[in-house]
Amino acid sequence: MQLFTLPDGSSPFQVPLAADAKGLRQEVRVFLRESAAADWFEPQCDAWIAGFSPEFSQALGERGWLGMAWPKKYGGHERPSLHRFVVSEELLAASAPVAAHWIADRQSGPAILRYGTEQQKQQFLPAIARGECYFGIGMSEPDSGSDLASIRSLAEKVPNGWRLNGRKVWTSWAHRFHYMITLVRTAPRGEKHHAGMSQLIIDLSAAGVTIKPIISIDGEHHFNQVIFDGVFVPDEMVLGEVGNGWGQVVGELAFERSGPERLLSTLPVLLAFIQRHSEPNAQTADRHTHIMLGRLTAQLWTLRRLSLAVAHLLDQGDVPDVESALVKDLGTRYEQTLTETIRELAPVQPSLHSADPLERYLAQGLLRGPSFTLRGGTNEILRGIVARRLGLR
Amino acid sequence: MNELTLIAETAGRLFGETCTTAVLEAAEQGEWTEIVWDALEQTGLHLISVPEAVGGVGGSLNEAVTVLRIAAQHAAPLPLAEIYLAGWLLGEAGIGLPNGRFTLAIPRPTNDVAFAETAVGWQLAGELTRIAFARHVGFAIVVVAGRVGLVDLADATLIPSQNLAEEPRDTAVFAQTKLLAVSESLAPEVISHLPVRGALLRTAQMVGALEAILACSIRYVGEREQFGRPIAKFQAIQQYMAQLAGEVVAAKAALETAVMLVEQEGQGAKTAVAMAKIRVGEAVSTATRIAHQIHGAMGFTQEYPLHYFTKRLWAWRDEFGAEGEWAEWLGKEVLKMKAQNLWPFVVG
């Protein structure tokens, strides 16, 4: 089974972290300590989806921590994927509010870098790297979730561009984003299931775009429905080749799944529990508590090593789509298990409105938990991807 | 071709050729399978990571772990982990390897055993239990109260016993038994590293056996047909197989990271080994359950070779510290930290 092997056959779990990455990690930690001290943000579970802060994103941009791996001529910093990984995981572990730029930096920018015209690269990449230009994901539709290729949004050719009708759903933060890379049909559905689709860069402020909120189980608004009613999309906003949408979206999904955010969403719960036990009047923990904490820590450590290995594979020019799928399956289930385990250990009443951080984070973990194994590809679909690599499909 | 690849290929060939199901069955019946030992001895791979100064061939821990993992992929009926561990101890103690097959005996908490310096030299008295393959080897390296000693097992009374996988785990009773060699008191950090290194080597064996049950399962679901097609085509099976692969990959990640950290930090890598032993132990629980479920009734038989691996996994999971023991220790360490130090601890 050739999973998690570097091109030279060596182990991606035994690559030493270069000295410059350690220095970078310290810089990020100092910045986060200063931000926390200045009360810039309130930690919460799932902050990478829930925490939207243009100020924070711009501050990261100023420090050169967005677009890290992109060419300098497009506003990037030409640093290895590993450096982006280090910055990302420190931000995630601190529950920093990165939602504004997260998608743009993680996948939209790389998609434009790979498939975009020179004009598109110049128009979007530097602004994303400054933390000023935000992108959403236009893939799912009300009738097309796991079966993404069944989408119905249709763009018809008109002079100088396309006329788009249809709708996209989920589209987190579309109501505050600027653009959305959107998968649409540009040819009628034919015999080939994956043919006839294209990606368009939609200006979310364009005429004919209506954004309606979808409120989540926890009362929060980040999901939306985005409706296209005769939206004109100029030819210059086609991303890549007309008809190549499926191949491009698969590439974008690989970027989406390859980061460290799929194991840290509920870390605040664990940290709050430990904090409680280090307080002066804390109860002495029993054997069961010690065992469960030890197991949670061992699982977290292992998951992080897996995620780091994905970054090493990326740096070697690999496309670790199967490895990413596997880590996302393990990591998201861990995120849910962590919440359930701490809930069992801590005699509290979880509530979103509690002044006590542990109660608040547990409530966030419980309410947001079902989404962890659904978003970015359900775990069942991801396991199908792994099964294919095992030769079973 | 690099050194590690060469070692891996040699080990794969030697164990692949000798560890047939007939050999594994004979081993379960209590026979000593000389054919496997002979093949190993000819390659010298049992002496990897043992310092040349005491008769080993040198080489890294990573190389020894590679051989051990491959041996476990073939369920090799040998005390190879004990040989590597004893070899390491002999290196620390400055005692030469004995002239013949040997194993390692570490006192269990309930064992009543002691070294004594007498007028006629150092002697060993008492009882040591769960000694791997004691009945099949000539010598035991024994660790008692911080000293390493070498004893001829012909001078002991052996009472056979087995672990869950029917691997020999014998009791040896000593009565004023002469020690062939005995060391000075070893440094405390060496003694405290012994259970850590042992846990790491057992973890390597578990990873090898996990890899074997994954390969076995992939083969089986491709061949076994029901309802007119290989069962691999059913989504339920595909979901299980992906979970199984996930556990094996997680186990690999934990082991390989821990090996790197022990090589870098030596005694300082106790937490990494603890976390690896815990995570791989957990992987065993999930992976063996899935492997047996996928194999149906066939996997439940003596005849089909799955059990050689799943029994070893269940047995090894509880040796050198079960997950609960290591997790309890780790959990206490975690609670000594302030919350803001957990993440830096995980990153290392």
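I need the full set of residues from the range A:272-292 which are closer than 18 Å to residue B:333 by Cβ, in contact (Cβ under 8 Å) with a residue 24 or more places away in the chain and hydrophobic (A, V, I, L, M, F, W, C), in order please. Listed by number, the residues that qualify are A:273, A:292. Filtered by the rule that a residue be part of a loop (DSSP other than H, G, I, E, B) and more than 11 Å from chain B (Cβ to nearest Cβ), the range A:3-42 gives A:6, A:7, A:18, A:38, A:39, A:40, A:41, A:42.
How about the range B:1-11: which of its residues are without any contact (Cβ under 8 Å) to a residue 60 or more places away in the chain and part of a helix (DSSP H, G or I)?
B:5, B:6, B:9, B:10
The listed residues are B:301, B:286, and the only one of them that is more than 14 Å from chain A (Cβ to nearest Cβ), in contact with a helix residue (DSSP H, G or I) (Cβ under 8 Å, 6 or more places away or on another chain) and modelled with pLDDT of 95 or more turns out to be B:301.
Checking the conditions here, which among A:44, A:14 is surrounded by 14 or more Cβ atoms within 10 Å (Cβ to Cβ), polar (S, T, N, Q) and free of Cβ contacts under 8 Å to residues at least 40 places away in the same chain?
Working: A:44 fails: free of Cβ contacts under 8 Å to residues at least 40 places away in the same chain.
So the residue among A:44, A:14 that is surrounded by 14 or more Cβ atoms within 10 Å (Cβ to Cβ), polar (S, T, N, Q) and free of Cβ contacts under 8 Å to residues at least 40 places away in the same chain is A:14.
The set of residues in the range B:257-268 that are buried (at least 24 other Cβ atoms within 10 Å of the Cβ) and either at the interface with another protein chain (Cβ under 8 Å from one of its Cβ atoms) or at pLDDT below 95 (or both) comprises B:257, B:259. Scanning the range A:244-276 for residues that are surrounded by fewer than 24 Cβ atoms within 10 Å (Cβ to Cβ), farther than 23 Å from residue A:68 by Cβ and out of contact with any Leu (no Cβ under 7 Å at 6 or more places or on another chain) gives A:244, A:246, A:247, A:250, A:275.
Can you tell me which residues in the range B:151-179 are open to solvent by less than 80 Å² (accessible area, probe 1.4 Å), in contact with a Gly (Cβ under 9 Å, 6 or more places away or on another chain) and touching a residue at least 60 places away in the same chain (Cβ under 8 Å)? Result: B:166, B:168, B:174, B:179. Test each condition in (1) within 11 Å of another protein chain (Cβ to nearest Cβ); (2) free of Cβ contacts under 8 Å to residues at least 60 places away in the same chain; (3) buried (at least 18 other Cβ atoms within 10 Å of the Cβ) for residue A:391 and report the one that comes out false. Of everything listed in (1) within 11 Å of another protein chain (Cβ to nearest Cβ); (2) free of Cβ contacts under 8 Å to residues at least 60 places away in the same chain; (3) buried (at least 18 other Cβ atoms within 10 Å of the Cβ), residue A:391 misses just condition (3). Taken across the range B:247-256, residues that are within 14 Å of chain A (Cβ to nearest Cβ), open to solvent by 10 Å² or more (accessible area, probe 1.4 Å), touching a residue at least 12 places away in the same chain (Cβ under 8 Å) and in contact with a helix residue (DSSP H, G or I) (Cβ under 8 Å, 6 or more places away or on another chain) do occur, with at least one present. Pairs linking a residue in the range A:125-140 that is farther than 16 Å from residue A:200 by Cβ to a residue that is polar (S, T, N, Q) and at pLDDT 95 or above, with Cβ atoms under 6 Å and 6 or more positions apart or on different chains, are A:131/A:57; A:131/A:58. Considering A:304, A:333, A:343, the condition of being open to solvent by 20 Å² or more (accessible area, probe 1.4 Å) and within 12 Å of chain B (Cβ to nearest Cβ) is satisfied by A:333 alone.
One line per residue, one yes/no per condition, for (1) open to solvent by less than 20 Å² (accessible area, probe 1.4 Å); (2) under 24 Å from residue B:262 (Cβ atoms); (3) more than 15 Å from the chain's Cα centre (by Cα):
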{"residue": "B:13", "(1), (2), (3)": "no, no, yes"}
{"residue": "B:32", "(1), (2), (3)": "no, no, yes"}
{"residue": "B:60", "(1), (2), (3)": "no, yes, yes"}
{"residue": "B:103", "(1), (2), (3)": "yes, yes, no"}
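Quick one: in the range B:313-348, of everything that is more than 7 Å from chain A (Cβ to nearest Cβ) and open to solvent by 70 Å² or more (accessible area, probe 1.4 Å), which residue is farthest from the chain's Cα centre (by Cα)? Per the criteria, the residue is B:340.
The values are calculated or read from the model by the stated rules, or taken from the named source; none is laboratory data. Here the structure is a predicted model, which is why all the values come from computation and not from measurement. As a convention, Cβ positions derive from the backbone with ideal geometry for all residues, glycine included, and neighbour counts pool all protein chains shown. Surface areas here come from the heavy atoms of the whole protein model, side chains and all, with no ligands, DNA or RNA. Shrake-Rupley method; radii C 1.70, N 1.55, O 1.52, S 1.80 Å.
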